[in-house]
Each structure stands twice: as C-alpha cells, then as structure tokens.
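*Asks:* Structure in structure tokens, see below.
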Amino acid sequence: MKGLLASLVISTIAYFVASHYIGRYMDSIDIPKGMVRGISVFVLAAAVSYGVAFVVDLALS
C-alpha cells in the first residue's frame, strides 16, 4: 500500500512538471494555443507520468 501511494504522489507531481515544460517548449517553437495543442500536452504529460509511476513501482517492489 505504501508503494502505491508513493507511486501516485510522485507520478502526479511528474504530470504537472511535464505539462509545464512541454507547454513552455511548445511556446518556444510558436505552436498556437488550441485544442490540438492542449490534447498533445495532456497525452505527452500523461505518458511521462505513467513512465514515472512504472519506474517507482519497479524501484519499490
């Protein structure tokens, strides 16, 4: 149970950090804000979050 909670907390933090930096990167390459960009940021940040959760689960098990 302890590993599950740690994985949830760390992956949530990773999601917000990744979405921030992905958004900044897309700003720097002048991608206009819109629905496609928002969905792209969500999907990429979710993938990072899942990856971090997987690594935390491997490390704690």
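*Asks:* Test Val17 against the criterion of being modelled with pLDDT of 95 or more and touching a helix residue (DSSP H, G or I) at 6+ places or on another chain (Cβ under 6 Å), and give yes or no.
*Replies:* No: the conditions fail for Val17.
*Asks:* I'm told Thr12 meets every condition in (1) part of a helix (DSSP H, G or I); (2) more than 17 Å from the chain's Cα centre (by Cα) except one. Can you identify the failing condition by its number?
*Replies:* Failing condition for Thr12: (2).
*Asks:* Restricting to the range 1-38, name every residue that is closer than 24 Å to Leu58 by Cα and of a type in the set (A, V, I, L, M, F, W, C).
*Replies:* Scanning the range 1-38 gives Met1, Leu4, Leu5, Ala6, Leu8, Val9, Ile10, Ile13, Ala14, Phe16, Val17, Ala18.
*Asks:* Let me ask something else. Output the qualifying pairs, or none if there are none: Cβ atoms under 7 angstrom, residues six or more apart or on different chains, first residue in the range 1-24 and over 15 Å from Val55 (Cβ atoms), second residue at pLDDT 95 or above and part of a helix (DSSP H, G or I).
*Replies:* Ser19/Val41; Ser19/Ala45; Ile22/Val41; Ile22/Leu44; Ile22/Ala45; Gly23/Val41
*Asks:* Okay, moving on. Considering only the range 25-50, how many residues are without any contact (Cβ under 8 Å) to a residue 24 or more places away in the chain and either under 21 Å from Gly3 (Cβ atoms) or part of a helix (DSSP H, G or I) (or both)?
*Replies:* 14
*Asks:* Name the residues in the range 15-41 that are small (Gly, Ala, Ser), surrounded by 15 or more Cβ atoms within 10 Å (Cβ to Cβ) and over 13 Å from the mean Cα position of the chain (by Cα), would you?
*Replies:* Of everything in the range 15-41, nothing turns out to be small (Gly, Ala, Ser), surrounded by 15 or more Cβ atoms within 10 Å (Cβ to Cβ) and over 13 Å from the mean Cα position of the chain (by Cα).
The values are calculated or read from the model by the stated rules, or taken from the named source; none is laboratory data. All values reported here derive from a predicted model rather than from experimental measurement. Backbone-built Cβ (ideal geometry, glycine too); neighbour counts: all protein chains shown.
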